[in-house]
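Rule-based calculations on the coordinates, nothing more; no lab input. Every value quoted in this text rests on a predicted model; they were computed, and no experiment measured them. Heads up, the Cβs are rebuilt from the backbone with ideal geometry, glycines too, and the neighbour counts pull from every protein chain shown.
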Amino acid sequence: MIHTPTIPSHFKHGEHIIIKVSDPFGNIILFKLYPDVPLKILCIYFANRVGIDDSDLRIYLRGRQIEWNDTPRRLKWTNNDIFQIVCALFG
C-alpha cells in the first residue's frame, strides 16, 4: 500500500541536503532530505517510489546499518552522500 508520510511542523524546513540512494538493482535515486527528519520518512518515500513494502527495508552507509529513528544531522550526512537501501531477506 502506498502512503505519504507527513512531516511534523516542528522540524526545521529551511535547509536540506541532497542524497543519492542506491537500490538493490544498482539504480541511483536522488532525494532532498531535511536534516532533522527521521530516516523512516526516507524509507517510506523510497519504498513508494520502487513499489515495495517499507517494512522490508534496511539502510546502510559504508557497510553500517543505520537506524530508522536517526536523522541526517545526528549522523553528520552531507550533500551527495551515497546510501544503499536493501530489502531484508528472511529464510
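A few comments on the model shown:
- Distant-in-sequence amide H partners of residue 66 (H built 1.01 Å from N, under 5 Å): 59, 60, 61
- Backbone HN-Hα couplings from phi across the stretch 20-33 [Karplus 6.51/-1.76/1.60, Hz, Gly and Pro as x]: 10, 10, 9, 8, x, 9, x, 6, 10, 10, 8, 10, 9, 10
- Relative to the current alpha-carbon distance between residue 25 and residue 50, full extension at 0.36 nm per residue lengthens the span by 7.9 nm.
- For the stretch 50-62, backbone phi angles converted through the Karplus equation (6.51, -1.76, 1.60; θ = phi - 60°) give residue-by-residue couplings of 9, x, 10, 7, 5, 6, 8, 9, 9, 10, 10, 10, 6 Hz, Gly and Pro being listed as x.
- Selection from 47, 27, 17 lying farthest towards where the dipole of the stretch 17-87 points positive, charges on Cβ: 17
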